[in-house]
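Participant: For reference, the structure I am asking about is given below.
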Amino acid sequence: MGYRGERTSPSTEVARSLRRRMTPEETLLWRHLRGRGLGVSFRRQEPMGRYVADFVCYERTLVIELDGSQHLNSAADRERDTDMAAHGFQTLRFWNNEVRTNLTGVLERIQQTLEARRDQ
């Protein structure tokens, strides 16, 4: 089921840079995900092949992406999601403003998805 350990130099360097400059929305969500906050382990800004995932849970093969307006109807995001799915990962995407204005709803959706993927 690929990806874990598939770290290329360019994606690793991008991930390191992104870890140093988290957005306010990433920081807010990370407070709830880190330390097994939802019962599973997440990694942030994780190199996955040629991509860098905002948050990934290898235990449940779940990727969470936080998107700004630059991602509106993005063909690159659809390609990325398709590639992640080919490696067995489900991708959840949330808009930054969703995290700011409806954090409880975002966390509930993540928890529901984690529970649904428990036996997969």
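Participant: Give region 47-95 a look and list any residue that's of a type in the set (S, T, N, Q), under 19 Å from Glu26 (Cβ atoms) and under 13 Å from the mean Cα position of the chain (by Cα), or say none.
Facilitator: Thr91
Participant: Can you say whether Arg43 is surrounded by 15 or more Cβ atoms within 10 Å (Cβ to Cβ), basic (Lys, Arg), farther than 14 Å from Glu25 by Cα and under 15 Å from the mean Cα position of the chain (by Cα), as far as the supplied structure shows?
Facilitator: yes
Participant: Scan region 21-51 for residues that are part of a helix (DSSP H, G or I) and either in contact (Cβ under 8 Å) with a residue 40 or more places away in the chain or closer than 17 Å to Glu98 by Cα (or both) and jot them down.
Facilitator: Pro24, Glu25, Glu26, Thr27, Leu28, Leu29, Trp30, Arg31, His32, Leu33
Participant: Since Val52 meets every condition but one in (1) in contact with a strand residue (DSSP E or B) (Cβ under 9 Å, 6 or more places away or on another chain); (2) modelled with pLDDT of 95 or more, which condition does it not meet?
Facilitator: (2)
Participant: Give region 93-106 a look and list any residue that's hydrophobic (A, V, I, L, M, F, W, C) and out of contact with any helix residue (DSSP H, G or I) (no Cβ under 6 Å at 6 or more places or on another chain), or say none.
Facilitator: Result: Trp95, Leu103.
The values are calculated or read from the model by the stated rules, or taken from the named source; none is laboratory data. Remember, predicted model here, so these are calculated numbers, not experimental data. Every residue, glycine among them, receives a Cβ derived from its backbone with ideal geometry; neighbour counts consider all protein chains shown.
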